[in-house]
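A short worksheet on the structure shown next.
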Amino acid sequence: MKSKLFLLITGIVVMYSCTQTKYAATNKVYKQQVKNYAKRLAEYPVKDSGGLHYAADWVGTTNLSMRRPNFVIIHHTAQNSCEQTLETFTLARTQVSAHYVICKDGTVHHMLNDLLRAHHAGVSKWGNTTDLNSSSIGIELDNNGFEPFAEAQISSLLTLLDRLKKAYSIPASNFIGHGDIAPTRKNDPNWRFPWKLLAEKGFGYWYDDPANVTIPTGFNHLQALRIVGYDLKDTNAAIIGFKRHWLQDTTKGLSNEQLKVLYQLSRKYMQ
Ligand SMILES: [Zn+2]
């Protein structure tokens with residue numbers, strides 16, 4: 001019995017050290033960085049700058065909590081394997097990362113605490129919110145950009161989204177793609193991504209059959225795109241972003257049917 005227990009413990013230790021080997025050095029960097037941030041959070045009296053006149057006695061409030069993410073941004077990695085992405089996100093020179101990487105087989109890698117800022121969105125805008133990195137969780141799906149998304153991967157994604165939505169009270173409207181918040185630079189997740197399925201589960205918005213919709217006179221499609229959230233710096237890019245997400249279409253222009261979809265969505269985003 002004792003030897004069995006010994007073997008079990010040895011097995012666990014060996015397994016643990018095997019999984020630790022490859023990224024041991026970068027895991028150390030992560031831990032050190034988190035330690036530094038934790039130190040800053042623990043500073044009191046709270047230090048600040050700006051030449052203000054501070055009261056002599058510091059009074060700390062009793063009512064506080066951590067800032068919470070309020071958006072989820074979905075990406076495809078545009079790489080060839082999960083392993084390749086893990087490597088990319090652990091090289092200091094790339095300066096890119098995401099909170100989660102989900103492999104094709106459904107394995108989830110949680111690379112940094114949800115309450116920390118990942119570098120996944122870059123220059124971005126949705127509605128009047130800029131710097132989405134500061135307010136979002138980034139999820140990367142292992143996908144080269146030209147293929148469908150694996151079933152096991154989407155299944156893990158849905159479980160993860162459910163947890164995030166509940167944990168941080170993220171509104172349904174705020175589950176969007178990288179191509180939505182940076183339409184001039186990005187096209188991920190690719191048009192095959194199942195946004196409709198996500199919306200049915202409460203992650204994002206969808207529309208009803210456009211056949212029963214009448215567009216009111218004076219409808220302005222650019223205003224509608226802006227209401228949904230698109231940055232209109234480049235209107236063609238915004239239209240393509242909208243079509244990729246809601247119409248699985250990557251061509252230019254908007255047909256009458258597609259305008260009906262846009263009209264419906266703008267109404268949902270106005271609520
Ligand atoms: Zn991306």
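The values are calculated or read from the model by the stated rules, or taken from the named source; none is laboratory data. Keep in mind the model is a prediction, meaning the values are calculated, not measured. A quick note on method: Cβ atoms are made from the backbone with ideal geometry, for glycine too, and the neighbour counts reach across all protein chains shown.
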For this session: Would you point out the residue of the stretch 81-90, among those that are out of contact with any strand residue (DSSP E or B) (no Cβ under 8 Å at 6 or more places or on another chain) and in contact (Cβ under 8 Å) with a residue 24 or more places away in the chain, that is nearest to ASN144 (Cα to Cα)?
Result: SER81
Problem set entry | Total residues in the stretch 91-110, condition in contact (Cβ under 8 Å) with a residue 60 or more places away in the chain and either within 12 Å of the ligand (Cβ to nearest atom) or crowded, with 21+ Cβ neighbours inside 10 Å (or both) | 1
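Of all residues in the stretch 235-257, which are polar (S, T, N, Q) and farther than 17 Å from ALA182 by Cβ? Give the steps one after another, and end with the answer.
Of the residues in the stretch 235-257, the ones polar (S, T, N, Q) are 235-236, 248, 250-251, 255-256.
Residues satisfying the conditions are GLN248, THR251, SER255, ASN256.
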For this session: Kindly indicate whether any position in the stretch 39-51 is at pLDDT 80 or above, surrounded by fewer than 10 Cβ atoms within 10 Å (Cβ to Cβ), more than 30 Å from PHE175 (Cβ to Cβ) and among the aromatic types (Phe, Trp, Tyr).
Result: yes
Problem set entry | Single residue of LEU161, LEU116, LEU141 found to be at pLDDT 95 or above and within 16 Å of the ligand (Cβ to nearest atom) | LEU141
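Consider ALA238 carefully, then state whether it is of a type in the set (Gly, Ala, Ser), surrounded by 16 or more Cβ atoms within 10 Å (Cβ to Cβ) and in contact with a Pro (Cβ under 8 Å, 6 or more places away or on another chain).
Numbers: of a type in the set (Gly, Ala, Ser): yes; surrounded by 16 or more Cβ atoms within 10 Å (Cβ to Cβ): yes; in contact with a Pro (Cβ under 8 Å, 6 or more places away or on another chain): yes.
When the stated conditions are applied, ALA238 passes them.
What residue, of PHE146, PHE175, is of a type in the set (Phe, Trp, Tyr) and surrounded by fewer than 20 Cβ atoms within 10 Å (Cβ to Cβ)?
Working: PHE175 fails: surrounded by fewer than 20 Cβ atoms within 10 Å (Cβ to Cβ).
When all the criteria are applied, what remains is PHE146.
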For this session: Considering only the stretch 192-213, state which residues are within 16 Å of the ligand (Cβ to nearest atom) and crowded, with 18+ Cβ neighbours inside 10 Å.
Result: PHE193, TRP195
For this session: Answer yes or no: is there a residue in the stretch 153-176 that is closer than 21 Å to LEU232 by Cβ and aliphatic (A, V, I, L, M).
Result: yes
